Amino acid sequence: FTPGMLFEAFKFNYIGPIDGHNLDDLLETLETVRDNSQGPMLIHVLTRKGKGYAPAEKNPDIFHGIGPFDIVSGTPHAAHAAKGTPTYTQVFGNTITEMAEKDEKIVAISAAMVSGTGLKNFAGKFPERFFDVGIAEQHALTFAAGLAVEGMRPVVAIYSTFFQRALDQLIHDICIPNLPVTLAIDRAGVVGDDGPTHHGVFDISLFRAIPNMVIMAPKDEEELQHMLFTAVYYNGPTAVRYPRGKGYGVPLAKALQQLEIGRGELLRSGDDILLLPVGNRVYPALEAADELQRAGISAAVVNPRFIKPLDAELICQWASHTGKVVTIEDGARQGGFGSSVLELLSRRGLYGVHTCMLGHPDHFVEHGPQKTLWKNSHIDTPSIVHAACKLLGRGEE
């Protein structure tokens, strides 16, 4: 096709392509269209990402979103450089690449976020098993379904907020036929300064309602490794949600293990209250339990590991034992993890258990550092302590 033919076939008036970096020509074109166009008009403008700044032109993917950097060299400042403790994204990318070295059936799919999802190394090592479908999340999931039907083990890595675009494909093409597709849900929870369009707070509420889905959330980067291994070799649709940013610096696994589906772990026993955090809220909950202990309050802490299916026996055992439960999640409170716990307690007839759900309230979370947003939504350590004391009818000591 020559430029414009496709659009003109749909009765669009077409102008272009024009150089988007030539402001004089661009302004003249816009003014001409404004003053003379009749009917729908499409202006085809060509630009180059990072135009005029050599480091950005050379590495457009890196400069898509970047913190403070040295303007001469283009390298991030030391405080923001990717050194020391790896990010969850890096652990995901390294783990899935190592798994693919041993299993030729593992394939990876990205939707125009190769570097952002940690798959650049995978793409370099296994170009025949890596597919960047562009900004087409719906196609990514249906494509993964087709690969799974043919015996492959597809892993689809997309940011939480962008998985929302492909909910229909997830339901109809993956979950109804119960296909072994792994969703790597990156940037789950608040992501910081990218704001409400990029916060990943709705995936739990959306995905847990879908039959056949298994949903996991790791407490740290080592548990992420085992969850990925578990997900890839589970014979059905799975999702592993993990946050933006660095892990806790725990030692990474030397050998990957399959986790028992729907089995959580008791991290700390207690008699007065049960703290039930999910994913990146586990360590803040453990810190809260320490503070409560100093105030004479004995708090049990359970890491559910699985958002769906829940470890019903473990949760109900400690909910019954303590009589009071605080759920904590870096996700929307409405229909989220806490809601699933309340549903469980109701099904089991545990109507006397007093509960408090902590999560993001019913409004769009604004821009801001993650720590600030966790504090604002009352899911940080001090907020957990406060909620526990309030549920127990005690002031903070």
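What follows draws every value from the coordinates through simple rules; no lab data is involved. Here the structure is a predicted model, which is why all the values come from computation and not from measurement. When we count neighbours, we look across all protein chains shown, and the Cβ atoms used for this are built from the backbone with ideal geometry, even at glycine.
Brief remarks follow.
- Principal-axis tilt of helix 282-294 within the chain, Cα atoms, nearest 10 degrees: 30 degrees
- The long axis of helix 23-36 is offset from the longest Cα principal axis of the chain by roughly 80 degrees.
- Modelled this way, with points 7 Å down the Cα-to-C-beta line, the labels at Ser298 and Lys11 are 7.6 nm from one another.
- Pairs over the 31 Å Cα-Cα cut-off, from the set Lys49/Lys120; Lys254/Lys324; Lys219/Lys324; Lys105/Lys219; Lys58/Lys125; Lys102/Lys219: Lys254/Lys324.
- Available extension along the chain between Lys105 and Thr32 is 20.8 nm, counting 0.36 nm per residue and deducting the alpha carbon span.
- Rounded to the nearest whole Hz, the Karplus-based 3J(HN,Hα) values (6.51 cos²θ - 1.76 cosθ + 1.60, θ = phi - 60°) of segment 260-269 follow the sequence 6, 4, x, 10, x, 9, 7, 8, 7, 8, with x at glycine and proline.
- Modelled spin-label separation between Ser320 and Arg263, with each label point placed 7 Å from Cα along the Cα-to-Cβ direction: 2.1 nm.
- Packing-based ranking, highest mean first, of 166-179, 26-39, 304-317, 234-247 given that Cβ atoms within 10 Å are counted: 234-247, 304-317, 166-179, 26-39
- Remark: the Cα gyration tensor places segment 175-230 in the oblate category, a/c being 1.5 or greater and a/b not exceeding b/c.
- Among (1) 5, 22, 30, 24, 14, 4, 0; (2) 5, 20, 27, 23, 14, 7, 3, 0; (3) 4, 16, 20, 17, 13, 10, 8, 6, 4, 1, 0, the entry derived from the coordinates for P(r) over Cα pairs in 10 Å bins from 0, in percent: (2)
- Peptides 278-285, 190-197 ordered by average Cβ neighbours within 10 Å, highest first: 278-285, 190-197
- Projecting label points 7 angstrom from Cα along Cα→Cβ for Ile18 and Tyr351 puts them 7.0 nm apart.
- Nearby aspartates and glutamates by direct alpha-carbon distance to Lys246 (threshold 15 angstrom, same-chain neighbours under 8 apart not counted): Asp186, Asp220, Glu221, Glu222, Glu223
- Tilt relative to the chain, helix 221-232 - C-alpha long axis, 0 to 90 degrees, to 10: 70 degrees
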